[in-house]
Structure formats: C-alpha cells, structure tokens
1. Consider only pairs whose beta carbons are under 6 Å apart and that are at least six residues apart or on different chains; among these, list those whose first residue lies in region 73-101 and is closer than 30 Å to H173 by Cβ and whose second residue is surrounded by 15 or more Cβ atoms within 10 Å (Cβ to Cβ) and hydroxyl-bearing (S, T, Y).
2. Those residues that are of a type outside the set (F, W, Y), over 19 Å from H205 (Cβ atoms), surrounded by fewer than 11 Cβ atoms within 10 Å (Cβ to Cβ) and at pLDDT below 85, I need them from region 58-117; list them, please.
3. Of everything in region 130-144, what is crowded, with 16+ Cβ neighbours inside 10 Å and not acidic (D, E)? Give them in sequence order.
4. Residues in region 164-173: is at least one in contact with a helix residue (DSSP H, G or I) (Cβ under 6 Å, 6 or more places away or on another chain), surrounded by fewer than 16 Cβ atoms within 10 Å (Cβ to Cβ) and touching a residue at least 60 places away in the same chain (Cβ under 8 Å)?
5. What is the residue count in region 190-219 for residues that are surrounded by fewer than 17 Cβ atoms within 10 Å (Cβ to Cβ), farther than 20 Å from V72 by Cα and out of contact with any strand residue (DSSP E or B) (no Cβ under 7 Å at 6 or more places or on another chain)?
6. Against the conditions (1) surrounded by 21 or more Cβ atoms within 10 Å (Cβ to Cβ); (2) within 24 Å of S212 (Cβ to Cβ), where does D157 fall short? Just the number, please.
7. Show the residue pairs meeting these rules: Cβ distance below 7 Å; 6+ apart or different chains; first residue within region 205-223 and at positive phi; second residue surrounded by fewer than 20 Cβ atoms within 10 Å (Cβ to Cβ).
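The values are calculated or read from the model by the stated rules, or taken from the named source; none is laboratory data. In this text the structure is predicted, and so the values were computed from the model without any measurement. Note: ideal-geometry Cβ built from the backbone for every residue, glycine included; neighbour counts use all protein chains shown.
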Amino acid sequence: MAAARNTSTKRRSPAGTRRAPKPNRSQTVWMSLVAAMTVVGGMLYFVNQRPNIGADGLAVLPLMSTTGPNSVEVVLNTRKNILPGRWKSIVVHDSGSPVGSQSSLESQARRMGLYRGIGHHFVIGNGNGMGDGELFVTERWLNQANGAHVAGERGDDLNKQSIGICLIGDGDHQKFTKAQLARLVQLLDTLQREMSVSPERVYLHSDVAAVSSPGKLFPSVEIRRMLATAK
C-alpha cells in the first residue's frame with residue numbers, strides 16, 4: 001500500500017511580493033498618539049481662527065489680519081441692528097501711551113466718570129498690552145451706542161454720529177506698527193463702504209478738537225493712499 005501523501009501545502013505570496021510586517025504594540029500606540037495629536041491640533045487651529053467673544057466686547061485676533069480684507073467684516077455682526085445713515089463720520093485717535101489695552105482704557109474711562117466705560121468703538125493693539133494688530137470691538141459698537149471719544153466744542157455732535165477708533169500708542173513719540181496700520185486700513189475700508197462714509201469725513205482727532213491725537217507721527221498720507229488702493 002503506497003504511503004499517504006501529505007496534501008497540505010504552504011501558502012506563498014505572489015512572486016516578487018512580500019507581506020508587510022504587522023505593527024507591534026509599541027508602534028500601534030505611537031501611531032494612535034500621533035493621530036490624536038493631529039486631530040487636537042487641527043481643532044485648536046480652527047478655534048484660534050474664531051473671534052473671541054467676551055462679556056465686554058469682541059476680540060479679532062492678530063492672526064486674522066493676514067487672511068484678507070474680509071477678515072474684519074465680522075464687526076458688522078452687531079447685537080443691535082446698524083441703521084442706515086446712523087454713522088456719518090469716523091474719528092481716529094491714539095491712546096497717548098506706549099502700552100495699553102481695552103482693559104486699561106476701560107479703567108481710565110471709569111476714573112474719568114464715564115459710567116459706560118471706554119468711549120471708543122474700536123481699539124487696535126500694538127503688541128504692548130494687546131496683540132500687534134489685534135482689533136477689539138467694544139460694547140458701544142456692538143450695541144450701536146453713541147461714542148464718548150471726541151473732545152472740545154464739537155464733541156457733543158460728533159460723539160452722537162461718529163465712530164471712534166483708538167490706536168494703542170503715543171503718536172507724538174513713536175510710530176505705529178505696520179500691523180496696526182494694516183488693520184486700521186482694513187477697518188476703515190469696511191466701515192466707509194458699509195456705512196457710506198466719504199473719505200472727507202474720516203478725521204483725525206486733531207482735525208476736530210484742540211488735541212495732538214493721534215500724534216505727529218501718524219502717517220495720514222500713507223493711510224489715505226492705502227485706502228485708495230484697497231478699493
């Protein structure tokens with residue numbers, strides 16, 4: 001009787017190919033960790049892109065200043081509707097100090113007896129106290145309230161119908177940063193277009209009151225040129 005044949009055969013991979021080795025437990029753990037970090041990092045990135053809405057206003061972070069001219073149009077999403085013709089002019093100020101923020105301006109306003117706090121509608125940081133180019137939208141703008149930023153005889157009228165923008169810094173002694181000026185141009189361009197404010201009605205505080213703000217180093221000609229090219 002013939003010996004029984006061993007019919008079992010070994011499986012072979014196709015010629016010229018080799019099976020990929022299974023990852024060991026250590027590799028699996030590392031791969032899972034990297035994937036988790038990637039997902040979390042992506043979530044944090046998108047969170048940081050969003051405006052930071054606080055109880056006292058809206059912060060548009062400096063990172064957004066490089067994302068194009070529409071990055072500041074979030075300021076049009078106010079709590080109270082913006083009425084057509086509500087705003088007829090814009091006044092640009094400086095804070096008069098090299099360091100500052102919306103919080104320090106708020107405290108200063110309270111000390112001066114402004115019960116509603118900071119008198120400006122917008123504040124733009126210079127990197128000392130706020131991010132360089134960071135835009136803060138105050139309660140006055142979100143609620144479409146009158147400003148309290150123009151001094152002198154014309155103050156009463158202008159505070160009722162003008163938008164106040166404050167640059168952190170002392171324009172008599174230091175230049176404003178490129179990020180600040182770029183953000184200012186973005187904001188001015190958006191406000192002029194959406195509020196139908198003509199270029200002739202964009203003032204410096206020194207144009208309408210006996211003050212130096214925003215200072216002798218404020219580049220008026222450059223800002224108007226940048227606004228003209230932004231159209």
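1. Cβ pairs passing all conditions: S89/S162; V91/S162; V91/Y203; H93/S213; D94/S213.
2. T66, T67, G68, N70, G113, listed by residue number.
3. Those that are crowded, with 16+ Cβ neighbours inside 10 Å and not acidic (D, E): M130, G131, G133, L135, F136, V137, T138, R140, W141, L142.
4. no
5. 7
6. The one condition D157 does not meet is (1).
7. Going by the 7 Å Cβ cut-off, the qualifying pairs are G215/D172.
Yes/no per residue for (1) within 14 Å of the chain's Cα centre (by Cα); (2) of a type in the set (K, R):
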| position | (1), (2) |
| --- | --- |
| H173 | no, no |
| K178 | no, yes |
| L181 | yes, no |
| Q186 | yes, no |
| D189 | no, no |
| S198 | no, no |
| Y203 | no, no |
| S206 | no, no |
